[in-house]
């Protein structure tokens with residue numbers, strides 16, 4: 001089913017050109033392939049403790065390389081609904097800044113070298129500032145008041161807060177002393193990135209993509225208004241508490257803010273990992289047998305599980321459960337849903353951005369069986385990683401890395417084939 005208006009390049013030259021969002025999409029699978037190679041090489045060293053430099057490197061190869069690359073591509077595509085992104089080609093600064101910064105951060109943290117980390121801070125910081133200004137100006141100029149655009153604003157806030165915390169934390173990996181509760185900062189940074197930035201993007205995508213790509217009924221505006229409001233509270237309160245503790249509370253007394261900051265996350269946790277899945281799973285009942293719909297159902301079902309494992313890890317102070325929470329949240333919930341965008345939405349973006357003769361479905365016939373095969377790969381990798389974490393098994397962790405890399409290669413091949421097919425049809429005569 002076509003998704004009219006989603007990421008299309010209009011004849012008048014308005015909207016967001018294809019060149020703006022396409023580089024983000026064809027880089028993301030390469031990052032997933034690379035992350036799989038890292039896990040295959042490092043094994044349990046990357047999935048044993050959150051304090052390992054290998055864990056930090058692996059996590060950011062997925063979060064920056066795959067999830068954020070995909071999220072930025074989706075943001076630019078959804079922004080075609082606006083009057084236009086100011087200076088679309090400045091997205092190249094965002095793309096190359098993020099790409100070089102991600103490489104520098106992964107390299108620097110994995111090898112404990114400060115120079116690549118400080119290079120990454122500058123590159124990612126530049127990319128973040130350009131994107132925030134560019135996207136914020138477009139959202140402000142649009143004057144749009146729909147829920148879709150409120151969700152995009154939420155995503156932009158989440159991106160801004162997560163980027164700020166991430167850049168601040170990265171200084172510690174560059175050798176600078178980091179005062180305060182570093183573990184709490186890491187937890188809040190991860191949760192704001194997942195719930196505010198990626199969660200906001202998924203909420204906006206749900207409101208636009210599900211009806212247009214999967215043909216679902218329109219989702220309840222009242223529920224989504226509450227969902228967006230809860231997520232805003234859940235990312236702003238912990239952020240403010242962290243800054244207050246950092247500047248106004250001595251190091252030895254900062255442990256007092258930890259339960260309050262954690263409690264502040266609860267509204268966003270409930271909104272993104274409980275309310276959003278329940279609402280969207282009901283809507284997706286009509287989308288069975290469509291590329292990407294199974295990914296969405298699987299990812300949404302993982303939301304409540306992620307929240308439950310996170311609660312168990314918090315109350316039991318179990319390192320293995322904490323690692324399992326991160327694995328399920330990043331590679332389970334996040335990567336499953338964003339892989340669903342790849343196979344369910346990106347082909348439609350490619351075909352709708354090139355005018356062709358006649359009617360042609362946005363999803364080629366080969367994509368559905370390919371999507372199912374990709375979901376099997378993803379599920380096996382997720383299961384193998386979970387077993388590796390709980391059992392402390394190096395072979396299972398390496399096996400998960402091999403499957404993760406295979407999925408990245410599969411996504412790249414699927415995207416390449418869709419790109420070739422979208423360009424192989426002659427344009428409509430004038």
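None of the figures in this text is laboratory data; all of them are computed from the coordinates on show. Because the structure is predicted, anything quoted here is derived from the model rather than measured. As a convention, Cβ positions derive from the backbone with ideal geometry for all residues, glycine included, and neighbour counts pool all protein chains shown.
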**Item:** For the stretch 247-334: rounded, prolate or oblate by the Cα gyration tensor [a/c cutoff 1.5]
**Value:** prolate
**Angle between the chain longest axis and helix 114-142 axis [Cα atoms, degrees, rounded to 10]** = 50
**Asked** When Rg is the radius of gyration of the Cα atoms in the stretch 86-241 and Rh is its Kirkwood radius, what does Rg/Rh come to?
**Response** 1.02
**Item:** FRET efficiency estimate (nearest 0.05) - Cβ-Cβ, residue 391 to residue 281, R0 45 angstrom
**Value:** 0.90
**Message:** Compute the angle between helix 91-110 and the longest alpha-carbon principal axis of the chain, please, reported from 0 to 90 degrees and rounded to the nearest 10.
**Reply:** 30
**Request:** Calculate, for residue 45 and residue 114, the FRET efficiency according to 1/(1 + (r/R0)^6) with r their C-beta to C-beta distance and R0 25 Å; round to the nearest 0.05.
**Result:** 0.75
**Asked** In units of 2.2 N^0.38 Å, what is the alpha-carbon radius of gyration of the chain?
**Response** 0.93
**Asked** What full-extension length gain, to one decimal in nm, is calculated for residue 183 and residue 26 as 0.36 nm per residue of separation minus the Cα-Cα distance?
**Response** 53.2 nm
**Complete:** Rounded to one decimal in nm, the spacing of the 7 Å Cα→Cβ label points at residue 311 and residue 266 is 1.0
**Asked** In the stretch 367-401, which residues have a backbone nitrogen under 13 Å from the label point lying 7 Å from residue 424's Cα in the Cα-to-Cβ direction?
**Response** 367
**Message:** Between helix 147-173 and the chain, what is the angle of the helix's C-alpha long axis to the longest principal axis, kept within 0 to 90° and rounded to the nearest 10?
**Reply:** 40
**Asked** Expressed in nm to one decimal, what extension gain is obtained for the pair residue 129 and residue 318 from 0.36 nm per residue of sequence separation less their Cα-Cα distance?
**Response** 64.4 nm
**Message:** Suppose we keep just the alpha-carbon trace of the stretch 209-292; what are its Rg and Dmax in angstrom?
**Reply:** 18.2, 57
